[in-house]
Amino acid sequence: QVQVVESGGGLVQAGGSLTLSCVASGSDSSADYMGWYRQPPGKQRESVAGIWRGGTTNYADSVKGRFTISRDNAKNTVYLQMNSLKPEDTCVYYCMVRVHTSTYWGQGTQVTVSS
């Protein structure tokens, strides 16, 4: 079993920055893929950014140039540096970890961007 815990959410003014962190722990928690998702109210969960173990990344068009995903494989930790935040980035952000064929989710961390 793998446990996934996010941290770093909070309240920030538009134009500000936040860094989210996510740690995967437990037996065989070496993640092949780690990603950040968010779920706007009334909408489906959407991918924000993801990173493979080798470092290849992907981003949603809405965050390209503003968000940066990175990971520390030794610590099974993934980060999401969020700059130039906009009110529309307000959401609960979830970390997803894929280990072999299994997927694990964290409980989410709230990000609120005030205008």
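Give the residue that is surrounded by the fewest Cβ atoms within 10 Å (Cβ to Cβ), with candidates limited to residues of region 77-109 that are more than 12 Å from the chain's Cα centre (by Cα) and either closer than 23 Å to Gln3 by Cβ or of a type in the set (Phe, Trp, Tyr) (or both). So the residue we want is Thr101.
Residues in region 77-106 that are without any contact (Cβ under 8 Å) to a residue 60 or more places away in the chain and among the hydroxyl-bearing types (Ser, Thr, Tyr): Thr77, Thr90, Thr101, Thr103. Determine whether Arg66 is of a type in the set (Lys, Arg), farther than 14 Å from Gln3 by Cα and more than 13 Å from the chain's Cα centre (by Cα). In short, yes.
Within region 24-76, restricting attention to residues that are in a loop (DSSP other than H, G, I, E, B), without any contact (Cβ under 8 Å) to a residue 60 or more places away in the chain and of a type in the set (S, T, N, Q), the residue that is most open to solvent (accessible area, probe 1.4 Å) is Gln44.
The values are calculated or read from the model by the stated rules, or taken from the named source; none is laboratory data. Here the structure is a predicted model, which is why all the values come from computation and not from measurement. Neighbour counts run over all protein chains shown; Cβ positions are idealised from the backbone, glycine included. Surface accessibility is based on the protein's heavy atoms, side chains included, excluding ligands, DNA and RNA. Shrake-Rupley method; radii C 1.70, N 1.55, O 1.52, S 1.80 Å.
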